[in-house]
1. Output wanted: per-residue J couplings in Hz (rounded whole) for the range 309-319, from phi through Karplus 6.51 cos²θ - 1.76 cosθ + 1.60, θ = phi - 60°, x for Gly and Pro.
2. Over the chain, what is the mean sequence separation of C-alpha contacts under 8 Å (at least six apart), divided by residue count, expressed as relative contact order in percent?
3. Run the numbers for Gln93 and Glu171: contour at 0.36 nm per residue of separation, minus the present Cα-Cα distance, in nm.
4. Given the pairs Lys118/Lys300; Lys112/Lys199; Lys118/Lys229; Lys98/Lys300; Lys105/Lys132, which are separated by over 29 angstrom at their Cα positions?
5. I'd like the GluC sites (Glu not before Pro) in the range 323-401 restricted to DSSP loop residues with at most 16 other Cβ atoms within 10 Å, sorted by number.
6. Quick one: which residues, 5 or more positions from Gly188 or on another chain, have an amide H under 5 Å from its amide H? H modelled 1.01 Å from N in the peptide plane, none for Pro or chain starts.
7. Amide H neighbours of Phe181 under 5 Å, at least 5 residues apart or on other chains, H built in the peptide plane: list them.
8. Run down the aspartates and glutamates and flag those whose C-alpha is under 20 Å from the C-alpha of Lys42, throwing out any fewer than 8 positions away in its chain.
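All of the numbers you see were taken from the coordinates with simple rules; none came from a lab. Since the model is a prediction, treat every value here as computed from it, not as a measurement. Methodologically, a virtual Cβ is constructed for each residue, glycine included, from the backbone with ideal geometry; neighbour enumeration extends over all protein chains shown.
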Amino acid sequence: MNSEHIPRRDFMKQTAGYGAGLGLVGNGARDWLAQAPSPEEKVPRKQLGTTGADIPIILMGGSQKFDPRYDKVLHRAFQLGVDYIDTAQMYAQGQSQKTIAPFIKQIGDRKKLWITSKVKLVGSRATPEGFKANLDKCREDLETDYLDMFFLHMITEERLLGPDYIRMAEELKRAEKIRFFGFSCHDGNVAELMTAAAKAGGGIDAVMFRYNFRQYGDVALNKAIDACKAAGIGLIAMKTQASVPADLEAVVKFQSRNFTLGQAKLKSVWADERIDAAVSGLTNIELVMENTAAAMSPVKLSMDEFMQLNRLAALTAHAHCLGCNQRCEPRANGLGIADMLRYLMYHECYGESEEARALYRALPREARDFEAIDLSDATTACPQGIRIAERLAQARRVLSA
């Protein structure tokens, strides 16, 4: 057996028996969508690690700008039990937090909501004092005295899990500015960071990390998940859709009596009992209904549905970057390959073209100027078989304007 991967078939045999048999009694999520849910039907909840706090198994991703007058998406999700909102200081060029603030007031009881925000600082700026100052700005933008969860955002350095940052978190908890503390990560060293968190000896309450159907057999990641679970750290999955352009996904012709493809991807994550919740970009009412239906349905993914996801992962690998930039970027003079491919995905798969262009243009020139670099070694190193030069050229065509 390959020492780096658990066979997908073995993983799926283990997880196909797990369920989200937690909520609505009925048939599949497709049938549920045809009905109007009753007021008592809510998204199931799980305890987040050993925090003692229950959260819905699907969370509201807050990367967009909301309607500050009355946001129908936020209110509909809340009615269905999605009371956890995940935002960040950098989302929507700083507008996400400011446009969530009116919604908090409209609910009328701060304790009925779970607000997580995240701060990204890098290099010499990533100090405890820097994070504390930016946390205060987050609270100001959200017009709230405290955050339920404060995440260090998109971290790549293990030093940010060291004693100085744990002490910072404890100080913020004592000051009642935050209830819980953790970090998010989705670059190439996710497993290493999660392993370090498990060894930190307490203080880290939760981790939000890239996890989806494409990673079933990643041994290092599975060991890190086990270590975090044993340490009582809450586990929140993100990037669960593992998207590629729709025309490529259509090649597989996913078929199910119960679920859409997007729902099946979520169900595959919830099938892993170690995962407490999944964050999803609920950008419209249709997605709210579709994803909460999947959460409420007790119907489990069949082996055939798991195998279709397995086939999708194999056939579309060449178009999906796993974020393992430690493999390719050292072979390309430190070029920001993973960032550029992620922003291209935002454009091609999520329709977030404005945000993708802003992020692409914000990259330093040396991180995106690839014309004079030989990318053959980086391409050979890519486990997905991505034609890196072609994809970077596409990114430049659509994002540099």
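1. With coefficients 6.51, -1.76 and 1.60, one gets 5, 4, 5, 4, 4, 5, 6, 10, 4, 5, 10 Hz.
2. 20 percent
3. 25.2 nm
4. Values: Lys118/Lys300 33 Å; Lys112/Lys199 33 Å; Lys118/Lys229 22 Å; Lys98/Lys300 38 Å; Lys105/Lys132 24 Å.
Pairs exceeding the cut-off: Lys118/Lys300; Lys112/Lys199; Lys98/Lys300.
5. For GluC sites (Glu not before Pro) across the range 323-401 that sit outside H, G, I, E and B with at most 16 neighbouring Cβ atoms in 10 Å, the list reads Glu371.
6. Excluding prolines and chain starts, which carry no amide H, the hits are Asn325, Gln326.
7. Phe150, Asp205, Ala206
8. Asp31, Asp54, Asp71, Asp83, Asp86, Asp109, Glu273, Asp276, Glu286, Glu290
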